[in-house]
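Here is the structure we will look at, set down as structure tokens.
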Amino acid sequence: MGTQNIIIILVLILILVPAIRSTITHMKGEGSCCGGPKEKPIRKKIAGKPKKQYIVHIEGMHCDNCKNRIERNLDQMEGVVAKVKLSRNLARVDVYDDTPESRIKETIEKLDFKVTEIREA
């Protein structure tokens, strides 16, 4: 093996090892693939018992930033508190007023995710 081949192999290793590590992190949903810093959303709380609880199945979430974007946008709605489970691709949405499920779906899909099912819990 010539010196040139060894140099090429070393360069490839230096490029591929970090790429493989970041791919594994991304696929486990631990990376920040969708941009922005990894930040926890402020947990919204509403006193009392919710009028309705929905389980929303969502496609297209890849990381904590995806999860946080959905939670943050749903929590901005009046009378709505959301908890997203990235590993299960679903959200539990507690509704304390008369917010229709169509508005919940619309809010999620405006973020470029796909709602595949909404059902009452």
Per the filter on the range 86-104, residues surrounded by fewer than 18 Cβ atoms within 10 Å (Cβ to Cβ) and either more than 10 Å from ILE58 (Cα to Cα) or touching a residue at least 40 places away in the same chain (Cβ under 8 Å) (or both) are SER87, ARG92, TYR96, ASP97, ASP98, PRO100, GLU101, SER102, ARG103
Only unsatisfied item for ILE58, checking (1) within 18 Å of GLY48 (Cα to Cα); (2) crowded, with 18+ Cβ neighbours inside 10 Å, is (1)
Filtering the range 98-119 for residues that are at pLDDT below 95 and of a type in the set (Asp, Glu) leaves a count of 3
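The values are calculated or read from the model by the stated rules, or taken from the named source; none is laboratory data. Keep in mind that this is a model prediction, so the values were computed, not measured. Please note: Cβ atoms are built from the backbone with ideal geometry, for glycine as well, and neighbour counts cover all protein chains shown.
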